[in-house]
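One structure below.
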Amino acid sequence: MKLHVWLFTLLSVVGLLTAQSHVPDYWNSMIGSAFTDNGAYTVLRQICDEAGGRLTGTEQNEKAQHILLQHLQTARLNARLEYFEMPGWKRGADVVRMVQPTMRTLRAVALGYVDKTPAFEAPLIYGLSGQKRILDSLDVKGKIVLVGFEKPKSGPRPFRAQVIRFAAENGARAVLFVNKKIGGLCLAGTSSFQGIPAPIPAFSLTREEGLWLKRLLETGQKVLLQMAVRSYCTRVKTANVVLTIPGTVPDKIVLGAHFDSWDLGQGSIDNGLGTAILFEVARLIQKYHPHNYYTLEFVWFNGEELGLWGSKKYVEMHHAEPIIAMLNMDMTGRPTGFNVMGFTEFLPFFERLLPLLGGFNLERGIVNSPWTNSDHMPFMLRGIPVITLTAHLDKDQVNYYHSFGDTFDKVRPDYLAQASGLIAVLASELANERRLHLQPKSNESLKKMLEHYHLDEILKKENEWPFRE
């Protein structure tokens with residue numbers, strides 16, 4: 001971004017906020033420093049360029065963690081490591097090769113928790129979207145199932161873990177998932193939400209080669225593939241990074257972001273953004289507003305991509321502590337609004353805050369649209385009120401999610417500055433808002449909320465539904 005454009009954006013945001021009534025001086029200090037110092041950008045660049053992708057349990061993850069701790073120490077923030085063990089996974093030199101009708105090594109990546117499998121050959125069959133009724137109706141025994149990205153003609157699309165299970169139950173040897181994005185991209189992901197080794201090998205395949213295989217099958221060609229899996233499952237010891245800014249009372253608000261990433265790119269967008277923003281928010285609050293009523297705890301969670309392990313372990317280890325709220329930052333771009341995530345008790349707070357933030361152009365305002373599969377979920381499933389931002393990411397930032405192209409060159413410093421400044425203000429205000437009287441929902445109330453927003457359907461598919469039926 002050109003310097004004069006960046007400065008104009010900064011002056012516009014700070015100027016508009018100053019014009020608002022009842023805006024504390026520290027707001028302007030926080031927002032100004034987020035732009036002029038932009039510690040988020042500096043930290044993220046070093047993590048991405050010197051460590052790279054941060055798959056949990058790897059040397060790269062540990063090196064990136066060391067870089068983060070050094071920056072926290074420089075900012076006079078005394079963080080600690082909270083160690084835990086989890087089901088880990090190591091990527092090996094896996095091979096997916098076409099041997100008939102021609103020879104070609106395909107561009108494919110194993111999904112997490114796919115375990116070692118000796119080399120084998122098997123014919124390919126097209127399994128459409130991988131729905132159970134479809135795989136039950138096909139003769140997939142002894143074959144590799146190719147699963148497309150097209151929308152099913154009827155019924156919901158199953159999750160990858162479900163497709164793998166359906167295929168294995170019918171005797172398939174492996175599954176290939178075709179990525180819907182163009183450009184030779186493979187989509188990394190996990191085959192299990194519980195860390196269980198996949199029953200059969202499962203790979204992500206590029207759109208281009210997937211469509212090629214599909215065309216061959218549609219014309220009646222026999223397609224024979226060869227596979228060898230050298231990736232493997234193993235227990236790993238890792239850690240969350242935890243930083244506490246004590247308040248007047250021990251009741252605490254957790255601000256979290258997952259630190260780990262997939263290993264294909266540099267994890268700059270997912271979730272380098274949240275990692276860096278969380279650092280900057282901690283720096284800004286410590287420097288400009290360290291004394292608050294509620295305790296603030298900043299947590300960089302590890303193991304999110306393999307099944308939310310860091311946040312699950314944190315909630316287990318801290319279950320007896322008075323956690324009153326959780327704010328999650330996952331791929332947070334330019335802020336566009338606030339999401340109360342089904343916890344409508346936050347509405348009065350945001351209705352008071354929003355009119356004072358005109359310089360941020362929060363066009364979506366306040367929304368109530370809960371979602372799953374990030375580090376707020378273990379808190380939410382305990383009934384702890386959670387919130388997130390709604391945010392905009394550019395097309396080239398979103399397009400390379402979980403792939404080789406998730407690299408630092410796509411990071412925008414102005415987006416980091418806007419998000420850091422806004423969240424620092426939000427966290428400071430929330431940390432001194434005594435009128436909310438936040439408390440965990442009862443099991444009955446939580447169950448009704450999850451069912452109301454149809455989250456029960458997703459959670460049951462993932463075997464994450466916490467209630468006995």
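The values are calculated or read from the model by the stated rules, or taken from the named source; none is laboratory data. Keep in mind that what you see is a predicted model, and the values were worked out from it rather than measured. Neighbour counts run over all protein chains shown; Cβ positions are idealised from the backbone, glycine included.
Restricting to the range 36-51, give me the number of residues that are crowded, with 18+ Cβ neighbours inside 10 Å and among the β-branched types (Val, Ile, Thr). Qualifying residue count, the range 36-51: 2.
Checked against (1) farther than 19 Å from Ser231 by Cβ; (2) aliphatic (A, V, I, L, M); (3) touching an Asp or Glu at 6+ places or on another chain (Cβ under 8 Å), Met103 passes all but a single condition, namely (3).
In the set Gln221, Gln194, only one residue is polar (S, T, N, Q) and closer than 24 Å to Gly303 by Cα; that residue is Gln194.
When Glu59 is tested against (1) surrounded by 16 or more Cβ atoms within 10 Å (Cβ to Cβ); (2) within 22 Å of the chain's Cα centre (by Cα), exactly one condition is not met: (1). Taking residues in the range 286-308 that are under 15 Å from Pro322 (Cα atoms), and partners anywhere that are of a type in the set (Asp, Glu), the pairs with Cβ atoms closer than 8 Å and at least 6 places apart or on different chains are Tyr294/Asp251; Thr295/Asp251.
Name the strands (runs of 3 or more DSSP E) wholly within the range 203-258 that hold at least 3 residues that are touching a strand residue (DSSP E or B) at 6+ places or on another chain (Cβ under 7 Å) and either farther than 23 Å from Leu185 by Cβ or among the polar types (S, T, N, Q) (or both)? First the steps, then the outcome.
Working: elements: 224-229, 232-245, 252-258.
Ranges flagged: 232-245, 252-258.
Once the range 95-153 is narrowed to residues that are without any contact (Cβ under 8 Å) to a residue 24 or more places away in the chain and of a type in the set (Ser, Thr, Tyr), the residue that is nearest to Val178 (Cα to Cα) is Thr105.
For the range 65-81, indicate whether the set of residues that are in a strand (DSSP E or B) and surrounded by fewer than 22 Cβ atoms within 10 Å (Cβ to Cβ) is non-empty. Within the range 65-81, one or more residues are in a strand (DSSP E or B) and surrounded by fewer than 22 Cβ atoms within 10 Å (Cβ to Cβ).
Annotation: of all residues in the range 85-100 being closer than 10 Å to Leu224 by Cβ and not polar (S, T, N, Q), the one that is surrounded by the fewest Cβ atoms within 10 Å (Cβ to Cβ) is Val99. In summary, Pro440 fulfils each of the numbered conditions (1) closer than 21 Å to Met331 by Cβ; (2) touching a Lys or Arg at 6+ places or on another chain (Cβ under 7 Å) with the single exception of condition (1). Against the list (1) among the aliphatic types (A, V, I, L, M); (2) under 22 Å from Asn61 (Cβ atoms); (3) surrounded by 24 or more Cβ atoms within 10 Å (Cβ to Cβ), the condition Met317 fails is (3). The condition of being crowded, with 21+ Cβ neighbours inside 10 Å, among the small types (Gly, Ala, Ser) and under 20 Å from Ser268 (Cβ atoms) does not hold for Ser428. Listed by position, the strands (runs of 3 or more DSSP E) contained in the range 261-348 that have at least 2 residues being of a type in the set (A, V, I, L, M) and in the same structural domain as Arg382 (by TED's automatic domain parsing) are 295-301, 323-328.
Do we find that Arg54 is modelled with pLDDT of 95 or more, surrounded by 18 or more Cβ atoms within 10 Å (Cβ to Cβ) and basic (Lys, Arg) in this structure? Taking the combined requirement at face value, the residue satisfies it.
Hey, can you tell me all the residues within the range 430-452 that are small (Gly, Ala, Ser) and either free of Cβ contacts under 8 Å to residues at least 40 places away in the same chain or more than 14 Å from Phe350 (Cα to Cα) (or both)? It would help to see each step written out before you state the result.
Here is the first cut: in the range 430-452, the residues small (Gly, Ala, Ser) are 431, 442, 445.
Scanning the range 430-452 gives Ser442, Ser445.
A single member of Ile366, Ile384 is surrounded by fewer than 21 Cβ atoms within 10 Å (Cβ to Cβ), within 23 Å of the chain's Cα centre (by Cα) and β-branched (Val, Ile, Thr), and it is Ile366. Per the conditions (1) in the same structural domain as Gly421 (by TED's automatic domain parsing); (2) within 19 Å of the chain's Cα centre (by Cα); (3) of a type outside the set (S, T, N, Q), the sole criterion not satisfied by Gly112 is (1).
Go through the range 199-232 residue by residue and tally those that are under 13 Å from Val145 (Cβ atoms) and among the small types (Gly, Ala, Ser). Talk me through it step by step, then tell me what you get.
Step one: of the range 199-232, the residues under 13 Å from Val145 (Cβ atoms) are 199-203, 205, 210, 213-214, 217, 223, 225, 227.
Then keep just the ones that are among the small types (Gly, Ala, Ser); that gives 202, 210.
Residues that pass the stated criteria total 2.
Checked against (1) crowded, with 22+ Cβ neighbours inside 10 Å; (2) of a type in the set (Val, Ile, Thr); (3) out of contact with any helix residue (DSSP H, G or I) (no Cβ under 8 Å at 6 or more places or on another chain), Thr238 meets all criteria but (3). Scan the range 206-218 and give yes if some residue there is touching a residue at least 24 places away in the same chain (Cβ under 8 Å), surrounded by fewer than 24 Cβ atoms within 10 Å (Cβ to Cβ) and touching a helix residue (DSSP H, G or I) at 6+ places or on another chain (Cβ under 6 Å), otherwise no. Within the range 206-218, not a single residue is touching a residue at least 24 places away in the same chain (Cβ under 8 Å), surrounded by fewer than 24 Cβ atoms within 10 Å (Cβ to Cβ) and touching a helix residue (DSSP H, G or I) at 6+ places or on another chain (Cβ under 6 Å).
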